[in-house]
Amino acid sequence: GNSVTQMEGPVTLSEEAFLTINCTYTATGYPSLFWYVQYPGEGLQLLLKATKADDKGSNKGFEATYRKETTSFHLEKGSVQVSDSAVYFCALKVSGDNDMRFGAGTRLTVKP
Amino acid sequence: GAVVSQHPSRVICKSGTSVKIECRSLDFQATTMFWYRQFPKKSLMLMATSNEGSKATYEQGVEKDKFLINHASLTLSTLTVTSAHPEDSSFYICSATPTGSSTDTQYFGPGTRLTVL
């Protein structure tokens with residue numbers, strides 16, 4: 001079946017540190033891959049996505065590359081800020097299927 | 001734009017009672033809405049797909065008679081947890097896909113925390 005495994009948190013970093021949150025997937029067919037972010041008290045917001053192998057999604061300094069050979073979609077940011085503190089969810093969706101499959105979420109805390 | 005609201009944000013009820021949760025798309029129409037459930041430190045699990053004007057499609061293992069879904073307008077879907085029990089305590093999240101868009105595009109509500117005593 002389709003599933004997503006992401007790095008367990010919580011992750012605590014100092015401001016300007018490099019961030020990596022690992023995400024791997026298992027899917028039948030060719031999924032689209034997503035990273036969502038949830039700030040405190042708010043709903044999930046789409047951060048970035050990639051729809052095919054080798055695509056790189058990027059937004060707000062975050063980026064992730066769709067790696068079919070390693071079935072991965074790791075989230076990276078070169079220099080995190082306090083305002084990046086949130087919960088990050090990796091997700092996949094196979095075309096034609098309504099089911100968006102989410103990872104368990106990784107809580108990131110960035111300290112000044 | 002593309003805001004989805006949920007009401008209430010938190011609800012506490014007694015075992016055996018029913019609770020209704022509303023999901024509204026505030027600035028767009030949504031033919032399709034989704035209901036998810038999230039357990040602590042777990043991922044979101046899709047419960048059902050709600051289509052305006054038709055019956056909801058439930059995922060395997062979700063009791064349709066327990067979790068009643070009504071999508072009576074293009075901006076509102078409701079989830080009613082009937083005869084709630086403590087094991088129904090959870091975080092319920094809805095999302096909405098703008099009419100005409102692929103279901104790859106989902107805007108999420110902030111969630112409703114249900115506690116059943």
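The values are calculated or read from the model by the stated rules, or taken from the named source; none is laboratory data. What you are looking at is a predicted structure, and each value in this text was computed from that prediction instead of being measured. We place every Cβ from the backbone using ideal geometry, glycine too, and count neighbours over all the protein chains shown. SASA here: full protein model, heavy atoms, side chains in, ligands and nucleic acids out. Shrake-Rupley method; radii C 1.70, N 1.55, O 1.52, S 1.80 Å.
Applying the criterion of at least 2 residues that are within 13 Å of chain B (Cβ to nearest Cβ) to the strands (runs of 3 or more DSSP E) found wholly in chain A leaves A:3-6, A:23-26, A:31-38, A:45-50, A:86-94, A:106-111. Hey, can you tell me all the residues within segment B:77-88 that are open to solvent by 40 Å² or more (accessible area, probe 1.4 Å) and either within 14 Å of the chain's Cα centre (by Cα) or not hydroxyl-bearing (Ser, Thr, Tyr) (or both)? Scanning segment B:77-88 gives B:His85, B:Pro86, B:Glu87. Among all positions in segment A:65-84, there is at least one residue which is over 27 Å from B:Pro40 (Cα atoms), open to solvent by less than 60 Å² (accessible area, probe 1.4 Å) and without any contact (Cβ under 8 Å) to a residue 60 or more places away in the chain. Considered as a group, the residues in segment B:100-116 that are modelled with pLDDT of 95 or more and away from chain A (no Cβ under 12 Å) include one that is most open to solvent (accessible area, probe 1.4 Å), and that residue is B:Thr115.
Restricting A:Lys49, A:Lys93, A:Lys111, A:Lys60 to residues that are among the basic types (Lys, Arg) and open to solvent by less than 10 Å² (accessible area, probe 1.4 Å) narrows the list to A:Lys93.
Restricted to segment B:11-61, and to residues there that are among the aliphatic types (A, V, I, L, M) and surrounded by fewer than 16 Cβ atoms within 10 Å (Cβ to Cβ), the residue that is farthest from the other protein chains (Cβ to nearest Cβ) is B:Ile12.
Could you please let me know if A:Asp55 is closer than 22 Å to B:Thr32 by Cβ, over 10 Å from the mean Cα position of the chain (by Cα) and open to solvent by 10 Å² or more (accessible area, probe 1.4 Å)? Taking the combined requirement at face value, the residue does not satisfy it. Go through segment B:37-53 and give me each residue that's among the small types (Gly, Ala, Ser) and either assigned to a strand (DSSP E or B) or on the phi > 0 side of the Ramachandran plot (or both). Residues satisfying the conditions are B:Ala48, B:Ser50, B:Gly53.
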